[in-house]
1. So what are the radius of gyration and Dmax for the Cα set of segment 218-288, in Å?
2. Can you list the residues, at least 5 places off or on another chain, whose amide H is less than 5 Å from the amide H of residue 597, using H built in the peptide plane?
3. In sequence order, what are the phi-derived ³J(HN,Hα) couplings for segment 496-510 according to the Karplus relation 6.51 cos²θ - 1.76 cosθ + 1.60 with θ = phi - 60°, rounded to whole Hz, with x for glycine and proline?
4. Can you give the net charge of the other residues whose Cβ lies under 12 Å from the Cβ of residue 58, counting K and R as +1 and D and E as -1?
5. If you plug each phi of segment 572-586 into the Karplus form 6.51 cos²θ - 1.76 cosθ + 1.60 with θ = phi - 60°, what whole-Hz ³J(HN,Hα) values come out, in order, with x for Gly and Pro?
6. Could you check the simple spin-label distance between residue 239 and residue 38, using points 7 Å along Cα→Cβ, in nm with one decimal?
7. Considering only C-alpha atoms, what is the centroid distance from segment 167-191 to segment 385-461, in Å?
8. Students often forget the sequence filter, so: which lysines lie under 17 Å Cα-Cα from residue 586 once same-chain residues fewer than 8 apart are removed?
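Where a number appears in this text, it was derived from the coordinates with a stated rule and is not lab data. None of the values given here were measured: they were computed from a predicted structure. For neighbour counting, all protein chains shown are included, and Cβ atoms are generated from backbone atoms with ideal geometry for every residue, glycine included.
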Amino acid sequence: MKNGSHLASLEAVGEAWEAHEDEVQDVSFWTMARAMPAVFARVLRESWAVSRRDTLILSIGTVLAEVLTAVGLVATAGVLENLLLSGPTPDRVRAALPALLAVVGAIVLRAALRQATSWASQRLSPQLTRRVSLRLVNASTEVELVAFDDADFRDSLHRVTAEAPHAVTALLGMGTQIVASVFSIVAVGGVLTVLHPILLPLLVLAIVPVWWTSLMTVRMAYRLYDYTSGARRRMDTLYELMTERRPAAEIRSYTMRSFLIGSYERVSGYVLDKELKVETRQAAVHTIGDVLGGLGVALVYVALGGLLYTGRMELAVAGTAVIAIRTALSSMQEVSRLMTATYEKSLYYQDYVSLIAEAGIRAERSNGAAPSEADRITMRGVVFSYPSGDEPALRGVDVDIEPGQIIALVGENGSGKSTLAKLIGGLYTPQEGRIEYGGVSHDDVDVEELRERIAVVAQDFTHWPLTAGENITIGRTGRPESEEQFQWAIEASGADRVLTELPRGAETLLDPSYVGGVDLSGGQWQRIAVARGFYRDAPLLICDEPTAALDARTEHEIFETIRNHAAQRTVVLITHRLANVRYADKIYVMDRGRVADSGTQAELMSRDGIYREFYTLQADAYRDAEPDDRPEDQPDEG
C-alpha cells in the first residue's frame, strides 16, 4: 500500500472516533466536577472492598493531617505575635513558647499521619490494580464472542486495559489529596479572612488562570489519546509482531522487516504529527495561563504591601499573612493540579465504567434451559453478519443434525463454513432465524451448559504456554482428570508419539521462552489440539480442518478415529479434502453464505453441482500418471 492510501486509512481510523471525541468535547469541566463526588464514592467503594483497614487509615489520616495544618498556622500566628511584641527578648520567647510547642507538635503529628496515609495508599494501590484488572479480564472473557469482531469494542477495550488500572489508583490518591487541600484552603482562608477580607478573593483570582490552563491542556491530551486510539492499537500490534518469537521466523523468511518497520514508522509518524500539533497548542495555552497567573499573584502581594504602607495591617499580622498566602497559594495550586488531573483520570475511569457496563449488556447468557440433546440441532432461516461486515456471512441457512451423525461442511474459502460451525457450537447468535438444541431455542438455552456438551478442534487453535499434558486436559479443567480418557485421546490423535519425544513427556512446558520449555512443529501442535478435543469427550465434536498440518498417514488415522468416534458421538467436520467426507451421513455444500446443496456423497455426485466439480478436480490430481505421460527421454524398462 502506498503512503497516501495508508495515511488515508489512518485518517479514516481517526474519523471513526470523532463521535466519541465530540462527546468528550461536550462534557464541561463543571459537569465533571459535579460528577467527581460520585466517581470518588465509587473508587472508595472499590478501595473498601479490597481493604477496609487501609481505606480508613487513608481517609481519616488525610483529614486529621490537614486539620493539624490549620492548627499549626494558627499557632504560628501566635508565635509571631509574641515575638514581635515590645519588651526584653527572653520574655517574648517565654510568651511564645506554648504556641511554639503547638507548632512543633502539629508538625510532628502531621508528618506521622502523612506517613501512615502514604503507607496505606501504597498498600491499596496494588490491591486496587489487581481488582480492576480482574474485573476487566472477567468482563472480556464473559462478553459474547462477536464483540471481538467489533472494532469499536476492541479499541475501547485496548484503551481501557491500558489506562484504567492506573486511573483508579490515581483517583484514590488524588481524591484524598483534594480533600486534604480543600481542608487546608478552608482553614487558611478563614485565617486570611480574619487578617483582611480582600486577601482571599485576590488569591482566588490569581489561581483561576492556572486552573484554566491545566484544564485545557488535560482536555487536549485526552482528546489526542482518544482520537489516536485506533492508530495506537495498530502500533502496538506491529510492535508485538516485530518483538515476539512466533512471527520472527516468517519475518525473516519473507524479508518482511522493511515492510513492517515502514508500516510502524508511518503509523507512529501519524500519531507523532498529531502529538506535536497538540503540544504546540498546549504551549500557547500555558504561556497565556502563566502570564495571567503571575499577574494575579503580583496583585496579591501589591495589595498586601499597600495594606502595610497605609498602616491598615501590623507587621506581625503581615508576617502571618505572608505564610498564610504561601500556604493558600500552594494548596490552591495543588487543588488546581489535582482537579484537572482528576478530570483526566475521571474520563478514563468513566470509560472503564462504561466498558464494564457494555460488557454486562453484551455478556453471554448465564441462565436458561440445559439442552437434553445438544447434538440434535435444527437451524432454520439463519442469518448472521459480523459487525464490520458489509454483507451477511450467512443467509437463510437451514441445517439438520441428528445424534450419531457425521455432518460435513464443505465449500470454498469464505463460503461461511467456519462461521456456521461457530453458530452450531453456540459461539455466535444469529440476527435472524432460529437454532434449536434438542428442541430448546438458542434464545432460551443455557450457553454454558450447551458448550459443556461440545468439543471443538479449531483451525486456528491456541498454543497454550502450559505443559503438554495441560494443553490436552485444559478443555476439562472442571472435572477430575481421567487417565483412561487421557490415554485414549493421545493414542487416537497420535499425540502419544509427540509426548514420547519430549524431554519430560507430558510434563514438558510448551513454551521455549521459559527455561526448560520447548516448541513443537505445526503437525505436533495439531496432534495436541486434536487430543484436546478428544479428551473433552463431548456428545458433539466440531472439527474445523483438524488435519491441515498432518501427514497423510496420521490424517488417515485421525479420520478413521473420527468415524469410529461418531458411533457414539455426533461429528461436524469441516475440511477441504473431500475424500475424507465420503462417509458422512450428510454433506452441506456452502457457497457465499448459503447452503448451495446437501445430501450424501452418492446423491451429490449424481448431480452436476459444486460438490461434484470440486471432488472431480481433487480426484484427478491423485490419479496415477499414464505410461505415455512419462518424459520422452526416459528409457523403457527391460
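1. Just the Cα atoms of segment 218-288 yield Rg and Dmax of 16.1, 55 Å.
2. Residues meeting the criterion, in which the H sits 1.01 Å from N, are 589.
3. 4, 5, 5, 5, 4, 7, 7, x, 10, x, 5, 8, 6, 6, 9
4. Taking every other residue near residue 58 into account, the sum is +3.
5. 10, 10, 10, 7, 8, 8, 5, 4, 7, 10, 4, 9, 5, 5, 8
6. Result for the modelled spin labels: 3.4 nm.
7. Using only Cα atoms, the two centres lie 55 Å from each other.
8. 417
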